[in-house]
Each structure stands twice: as structure tokens, then as C-alpha cells.
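Participant: Okay, handing you the structure first.
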Amino acid sequence: MGISIAEQEGLELCQSCGVCCNGSLFPVMLVDPNEADNFTRIRINRGYHMVSQEGGCEKLEECGLCALADTRPRTCKTFKCNLLHELGEGEIELPLAKGIVKLMKAGSVDPDIVERFESKRPSHHGKQNKNL
């Protein structure tokens with residue numbers, strides 16, 4: 001059984017984006033202890049394993065894809081930004097979503113644009129957990 005058009009568009013959007021991995025949204029990413037060995041820029045603070053996102057995730061390849069692919073951390077596998085959620089719900093079409101990605105990658109600091117890349121759910125990325 002193949003993937004739906006919505007899933008296919010979501011995958012295409014994510015692969016064209018990488019904003020959640022390039023360091024512009026999250027200063028750190030929390031990983032499970034058993035995932036920590038995949039990273040070199042890791043520190044432990046109060047029992048949390050945190051990977052620095054400064055300059056982008058060390059596993060983000062130049063093409064915008066993750067070097068870990070299917071074995072990437074749970075944090076990455078489960079993160080769904082607002083823009084991806086809007087696309088999946090049919091609230092926005094793929095060409096407009098890709099246009100928003102281009103604005104964000106070009107350095108847009110418009111709060112309405114940035115908000116689309118955050119998540120409606122609690123995240124394991126460091127933004128909500130700055131004090132860890």
C-alpha cells in the first residue's frame with residue numbers, strides 16, 4: 001500500500017525545508033541516551049542529553065536531508081511543525097508552503113512566518129526547554 005498524496009506532499013515539503021534542523025529554530029535538541037552515540041556535539045545537563053544545533057544539526061547534509069535517515073532520533077521523527085500540520089489538514093497548498101519555506105530560509109524574522117515552523121505540540125527540541 002502506497003502513501004497518500006497528503007503524506008507525499010508532506011515528505012516533499014520536509015525534504016525541501018530542514019528549518020527545524022538548521023539551527024534557526026532550536027538551539028539544542030534533546031535525544032534519548034541510547035541515541036546520543038550518533039552525535040559528537042552532545043552535552044548532558046540535569047540528566048538530559050542535548051545535541052547542539054548551533055550552525056545546524058551535524059547530521060543535516062548539504063542537500064537538506066538527514067544523514068541518519070530512518071535511524072534519526074525520536075525527537076526528529078515525531079516533530080511536526082505548524083506548516084506541515086497546515087499542509088496535512090488541507091489549510092495550505094504545497095506551492096504556498098514551499099514559498100513560506102523559502103522566506104524562512106532567506107532569513108525572514110516575521111513572527112507570522114516563524115510561528116508556522118514551531119509546533120503546536122510540546123517538543124523535545126530545546127526551544128521550550130531553554131533552562132535545561
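Just so it is clear, none of the values below were taken in a lab; they were calculated from the coordinates. Note that the structure is predicted; figures quoted are calculated from it, not measured. Here the Cβ is made from the backbone with ideal geometry for all residues, glycine too, and neighbour counts use every protein chain on show.
Participant: By count of other Cβ within 10 Å, fewest leading, how are HIS49, HIS85 ordered?
Facilitator: Details: HIS49 20, HIS85 16.
The fewest-first ordering by Cβ neighbours comes to HIS85, HIS49.
Participant: Working out 0.36 nm times the residue gap between GLU62 and GLU86, then minus their Cα-Cα distance, what length gain in nm do you get to one decimal? Walk me through the intermediate numbers first.
Facilitator: On the way: separation 24, 0.36 × 24 = 8.64 nm, distance 2.64 nm.
Roughly 6.0 nm would be gained on extension.
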